[in-house]
Each structure stands twice: as C-alpha cells, then as structure tokens.
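Computed from the coordinates by the stated procedures, all read-outs in this text should not be read as laboratory data. Computed from a prediction, not measured in an experiment: that's the story for all the values here. Cβ sites come from the backbone with ideal geometry, for glycine too, and all protein chains shown count toward neighbours.
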2 protein chains.
Amino acid sequence: MLQPFIHVLNAQRIVLASGSPRRKQILENIGLKIEVIPSTFEENLDKTKLSPADYVVQTATHKTEEVAKRLAAGGTLPDLIIGADTVVSQGQEIFEKPKDKDDAVRILSQLSNCSHTVYTGVVLFVPSTSLLMSKGSQVLGGTYRCTSFVDSTAVHMANLPQDVIKAYIETGEPMDKAGAYGIQAIGGTLVQKINGDYFNVMGFPLPRFAQEIASLYGEKDLK
Amino acid sequence: MLQPFIHVLNAQRIVLASGSPRRKQILENIGLKIEVIPSTFEENLDKTKLSPADYVVQTATHKTEEVAKRLAAGGTLPDLIIGADTVVSQGQEIFEKPKDKDDAVRILSQLSNCSHTVYTGVVLFVPSTSLLMSKGSQVLGGTYRCTSFVDSTAVHMANLPQDVIKAYIETGEPMDKAGAYGIQAIGGTLVQKINGDYFNVMGFPLPRFAQEIASLYGEKDLK
C-alpha cells in the first residue's frame, strides 16, 4: 500500500519510539528505513480505570511524547515519530508482559482453550510545520500534530497442557511479550486461529498503519 | 505445543520436500532442525476437476512421494518427510504462482476489495518400520505410511488501486507466491484481515501441524 511513495517516506527521518524488535522488523520488512529511539515512559496507567483501547492509546501517546520532547530539547524534529503499545485482554483483565515465570504460567493457563483480544494503539506525531496532517490535535505546545488509532484482533488459543506451558516458558520466549506469548515463532504453535490482523498480534497493526500513512501522504500528492 | 518433545524430534532426520523459504523459516523458527530436499514433481494436476482442498493434498502427496522415492532409491529412509502445497481460491478459480507480471496484475486486481481462501495441504510420510503412526495409508510398496490434512484461511484484501498493484509487483515479491502476494512482508500492507491461521497463508499451517505431530509423538510417549 505504501510502495508508490516509499521513496518519499525513505527520504524522511522516521523515528520508532519503541524498543520492540518485532515492531522494528515489521516496518523494515516492508522496506521502511527507521531509527529506533525507545521511550523511557514507565507503563503505569491505571488499568482498572481504562478500557483496553483507551489504555493502549494513552500509553502509546505518553511513550511518543516522551521521545518527542527529548528530541525537541535536542533541537531536532523528525518528520514522523511512531509510538505503539500492545495489551492482551480477556474479560475484565488486561495482561501485559509477565512479571516472572509464575506470572507467565498464570497468564497462559488463563488463555488456554479460550479466546482473548489483542489491542494495539498506534500514535503518529508529525511536526506542525509539515505539510502533512492538517487535522489531528496539537501537542507539545504546537510543535507536533498527533493522530492515533487502535486495532484489535481476536485470538483463540489451543488447549495448553501444563507440560506444554512449562516447556514453552523455559524457551524464554514469553517473558518480554504482552500475554506471555509470541505468535511469530514458537508461540505460533499454541494459537488455533485469529480473526483480524496478524501483525497486530505481533505488536504493530501493519495494514491499518499503511492505510493511515497512505492517506496522509497520498492526500498531499507527494508522489 | 512441540516443546515437551522437541529434543526427540531433533534427534531424528526430518526432510522438508519443498523449496519454499517460508516453510523452512516457519519450521526453523519453532526450533526444528530440518533438511530441505525440494521436490521435482511438476505441479500439473487438472485444477478444473479437483476442489482446492483435494488439489493441494494430491499435489503435496505427489511432491512428497517423489522425494521419498528418490531417497529410498539412494538407500536412506528419513524419520519424517513433510510435503506441502498452497493455493489461493476465489469462486471457481484456483490461483497458483503468477506466470508473469501481467498475470500478477490480473490476479491482484481480482483479489482486490474481496475475500478469498488460502488452502494448504500437508502430507507426512513416516517409515512403516517406525513406532509412530500405526494408522494412515501405506504408500510406496509399504516403505512409508502417510497421513495428510488441509487447512484453510479466509483473507480479505484491501481495495488495491492500480498504482499500488503495479508498484507492489515491481518489488518482485509476488512472483514466486500463490495468489501473487506474500503476507509476511510488503504484501502484509495489502491484507485487511484474516480469519483462521496466519501461517497457513504464508504456506504452512503451523498450529495444525504441531497438533498432528504432538498427537503422533505424544501418543507413543516418546518424551
């Protein structure tokens, strides 16, 4: 979707405000050149007071804002800053990364043989001086304009016996991932089916991102 | 799902009878050690006389059989031979790899803004002398037992303008792929949503494969 103006995008400075190697890989796989500047924002919003969709957008906004402020203080304004946050939700509960192995056992036992929903919030910051994005809310004293969206994907887990859960945790794969699994590697054997966007489950809703960027850059006829 | 006995699997000789780099990558990503021996079977079954599900299983069987025969003639019997075939189906039509760029334009234009189904047939050959797989049909004069399955995933494509289709084809990505797109890289920006298994769309239904192997190896208590 981005191919007709990928050369325009790659002439710009694009910053990914996330240290997730999966997000970097997804964006590089489509030929985008990006610079990774992980946010130091502590993910501490009150999950009991926010819906999963609000939680990921607000967390992604804080992450992006922290990086944008740091860069603005250093006197540089990238052409685009991308922030994202992903959680897994089941019933009233929101799961992030497991705290330790016992927490990973608890989460995976709860997800076993059931459906859950993966939410990713994505936030795009564009300098206010840019031709792009005439709409969107002003942030950081007018330095940036901001737009955001959320994508959700339903995931149905297979029935996971305890020996499977324990052997999976021993691989080390679950520990840095929301919901304690990674669909793109070994965890892919645990997922029975998904309904929605696969990349969203990996942590970055690529098709929706491509549509948003295409509409931002396409509208301005920058081809 | 395979972690509890991955060491058993990796002590065996496992052959993938397919030259697809995606299938190799999916299996290696879960920690399996495999040897790739691409089949030379010409994919020429009559698509007008077979359902997509029958077509992929029959083609996968012929591919696996060709590799098994070659290895048996050389005097070696691997512990497991895996064959697979993938097609994209829409209405009465079955799409394989595009013949040339014009064919890729035709296929992608037809898939644009519509749903289609991806079918992958997987065939497993295990030596008849193995403790595994007491069921399944005998093939190759009793040298191997064979079991097979099909998985299907519904895919909904975004609306693809002609300039997007042409720029995508210029990346070279569509040319070696059934349905003229690869969901795992640039083509991922073209897909709006899927319903089912993502890996099946990439060419190998990983969760279903893991279940089949777990039931073969688990039943025999080879842990």
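Along the three principal axes, how long is the protein assembly as shown when you take its alpha carbons, biggest first, rounded to the nearest angstrom?
78, 55, 33
Taking all pairs of distinct Cα atoms, average 1/r, flip it, and tell me the Kirkwood hydrodynamic radius of region A:89-131 in Å to one decimal place.
Numbers: mean 1/r = 0.0761 Å⁻¹.
One decimal place: 13.1 Å for the Kirkwood radius.
Suppose R0 equals 41 Å; then what is the FRET efficiency for B:ARG106 and A:ASN195 from their Cβ-Cβ distance, rounded to the nearest 0.05? Intermediate results must be reported in sequence, preceding the final value.
Numbers: r = 29 Å, r/R0 = 0.71.
Between B:ARG106 and A:ASN195 the formula returns 0.90.
Of the options A:GLN110, B:GLN211, A:MET175, report the single residue whose Cα projects farthest towards the positive end of the charge dipole of the protein assembly as shown (beta-carbon charges: Lys, Arg +1; Asp, Glu -1).
Toward the positive end, the furthest listed residue is A:MET175.
How do A:LYS49, B:LYS24, A:LYS63 rank when sorted from fewest to most other Cβ atoms within 10 Å of their own Cβ? Don't skip to the end; give the middle numbers.
On the way: A:LYS49 8, B:LYS24 17, A:LYS63 25.
Fewest-to-most Cβ neighbours within 10 Å comes out as A:LYS49, B:LYS24, A:LYS63.
Considering every residue in A:160-172, what mean count of other chain Cβ atoms within 10 Å of its Cβ is obtained?
On the way: counts 1, 4, 0, 5, 7, 2, 2, 7, 4, 1, 2, 4, 0.
Partner Cβ neighbours, averaged per residue: 3.
Run the dipole for region B:84-223 about the Cα centre, Lys and Arg Cβ at +1, Asp and Glu Cβ at -1, nothing else charged, and hand back the magnitude in debye, nearest 20.
Working: 12 positive and 15 negative charges, 69 e Å.
It works out to roughly 320 debye.
Throw me the Rg/Rh for region B:1-105, computed over C-alpha atoms with Kirkwood Rh, two decimals. Numbers along the way, then the final one.
Details: Rg = 15.9 Å, Rh = 15.4 Å.
Ratio of gyration radius to Kirkwood radius for region B:1-105: 1.03.
Check the axis relating chain A to chain B and name the residue of A whose C-beta is nearest, distance in whole Å.
Per the A/B rotation axis, the closest residue of A reads A:TYR198, 2.
So how long is each side of region A:123-223 along the principal axes, counting just the alpha-carbon atoms, biggest first, in Å?
56, 26, 20
How many nm separate the modelled label positions at B:SER51 and B:ALA154, each set 7 Å beyond the Cα in the direction of the Cβ?
So the two model labels end up 1.7 nm from each other.
Could you pull out every residue, at least 5 positions away or on a different chain, whose amide H is within less than 5 Å of the one on B:PHE95? Hs are placed 1.01 Å off N in the peptide plane, and Pro or chain starts have none.
When sequence neighbours closer than 5 places are left aside, the close amide H contacts are B:VAL88, B:SER89, B:GLN90.
Provide A:PHE125, A:PHE5 in ascending order of the number of other Cβ atoms located within 10 Å of each residue's Cβ, fewest first. Don't skip to the end; give the middle numbers.
Working: A:PHE125 30, A:PHE5 20.
Neighbour counts put them in this order, fewest first: A:PHE5, A:PHE125.
Jot down the per residue volume, in cubic angstrom and as a whole number, of the convex hull over the alpha-carbon atoms of region A:3-218.
Numbers: hull volume 26.1 nm³, N = 216.
Output value, Cα hull per residue: 121 Å³.
Would you kindly work out, in nm and rounded to one decimal, the distances from the label point of B:GLY74 to those of the same position in each other copy, ordered shortest first, with label points 7 Å along Cα-to-Cβ?
Once sorted, the set of distances for B:GLY74 reads 5.3 nm.
When the Cα centres of region A:20-77 and region A:141-164 are compared, how far apart do they sit, in Å?
The distance from the Cα centre of region A:20-77 to that of region A:141-164 comes to 13 Å.
Restricting to DSSP H runs of at least four residues, report the calculated mean residue ellipticity at 222 nm for chain A, -39500 (n - 2.57) per run over all residues, nearest 500 deg cm²/dmol.
After summing the helix terms and dividing by residue count, I get -10000 deg cm²/dmol.
In what sequence, highest mean first, do B:103-110, A:40-47, A:184-191, A:90-97 appear when ranked by Cβ atoms within 10 angstrom? Before the final figure, lay out each step's value.
Working: B:103-110: 19.4, A:40-47: 12.9, A:184-191: 22.9, A:90-97: 15.9.
Order by mean packing, descending: A:184-191, B:103-110, A:90-97, A:40-47.
What helices does chain B have that are whole DSSP H segments, at least 18 Å long along their own axis by Cα, and with mean Kyte-Doolittle hydropathy of 0.0 or more?
On the way: long enough: B:52-73 (31 Å, -0.41); B:206-219 (19 Å, -0.04).
Helix filter hits for chain B: none.
Quote the charge dipole size of the protein assembly as shown about the Cα centre in Debye, to the nearest 20; the model charges only the Cβ of Lys and Arg (+1) and of Asp and Glu (-1).
Numbers: 44 positive and 48 negative charges, 42 e Å.
Using Cβ point charges on Lys, Arg, Asp and Glu, the protein assembly as shown gives about 200 debye.
Give me A:TYR217, B:TYR181, B:TYR144 ranked fewest to most by other Cβ atoms within 10 Å of their Cβ, as a rough exposure proxy. Don't jump to the answer; show the numbers that get you there.
On the way: A:TYR217 22, B:TYR181 30, B:TYR144 26.
Ranking A:TYR217, B:TYR181, B:TYR144 by Cβ neighbours within 10 Å, fewest first, gives A:TYR217, B:TYR144, B:TYR181.
Just to confirm the numbers: B:SER115, label point 7 angstrom along the Cα-Cβ line, distances to the other copies in nm, shortest first?
With the label placed 7 Å along Cα→Cβ, B:SER115 yields 1.4 nm.
With an 8 Å Cα cut-off and a minimum separation of 6 or more residues, compute the relative contact order for chain A in percent.
On the way: 419 pairs, mean separation 48.8, N = 223.
Value for chain A: 22 percent.
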